[in-house]
Amino acid sequence: MPATGPTTRGLTLDTVVDAALGLIREEGFGALSMRKLADRCGVGAMTLYGYVRTKDELLGLIADDLLAAVELPVSRDMPWMEAVKCVFRSVRRIFLEHPELADVVARQHLNSVAAYRGAEVVLDAVRRAGLTDEQAVSAFVALTAFTTGLAQREAHATERSAQQAQRLMAIHSLAVDEFRNVVELGPLMVVGESERNFEDGLDLIIRGIAAQGKA
């Protein structure tokens, strides 16, 4: 386990995790290294290793800290569809509040107890839907990728009205005979409501799971 006491210059495991989150938030996931984090904390790398041994362990701690807030079904009696929606709606909310976590999840597997708790609920739910073991894992991966990717897109969507107008003009300038669907659905693609996109997409995946479970 990482060291929890005595501290160096007020350094604690919590401050190390907070510093790592700040580094990812400001400079991106690729900027995170143990040496750079040590510099941010004002200590030497060897001192930092007394609190957290590896980058993977650090990422697990970050995930545990943020994903602890994921709302899980209070009972296994909840219908499997509702259980899946409960978990991924909550995960999306946390990703939007902490975009840096979505970036971490998109790039690397997390050895996180909190993440495994959510995975346990979802895997149990889709197995109750009738999926085989292999299908259950595929469904979990698809749901996670969808939620993570859309949250990243939402969190980093900084387009202003002028930029959206330019995109719409570009779409409407396309040849209708070649890009009929893009032209017709362009306004929804550019300025579509993110909440609706998430709910519709989640529902489509769940319906696919239900159909596969009955096959």
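Every number here is computed from the coordinates shown, using simple stated rules; none is lab data. These figures come from a predicted structure and were not determined experimentally. Neighbour counts are summed over all protein chains in view; Cβ atoms, including those assigned to glycine, are modelled from backbone coordinates with ideal geometry.
Things worth noting here:
- Among Glu100, Glu195, Glu184: highest mean-square fluctuation, GNM of the chain, C-alpha pairs under 10 Å: Glu184
- In the chain, taking the dipole from charged Cβ atoms about the Cα centre, the farthest positive-side position among Gln163, Ile206, Leu110 is held by Leu110.
- Summary value for the stretch 80-214: 33 percent relative contact order, contacts being C-alpha pairs under 8 angstrom separated by 6+ residues.
- Bridgeable lysines around Lys36 (alpha carbons under 25 Å apart, same-chain partners fewer than 8 residues away excluded): Lys55.
- Taking 23 Å as the straight-line reach from the Cα of Lys214, the lysines in range (excluding those fewer than 8 positions away in the same chain) are Lys85.
- What you get for the chain, charging only the Cβ of Lys and Arg (+1) and of Asp and Glu (-1), is a dipole of about 260 debye around the Cα centre.
- Estimated Rh, the stretch 97-215: Kirkwood, alpha-carbon pairs, angstrom: 16.8 Å
- Which label in (i) 27; (ii) 42; (iii) 38 gives the computed percent of Cα pairs over 29 Å apart: (ii)
- Sequence-ordered 3J(HN,Hα) estimates for the stretch 29-35 from the Karplus curve with 6.51, -1.76 and 1.60 and θ = phi - 60° stand at 4, x, 7, 6, 9, 5, 5 Hz, glycine and proline given as x.
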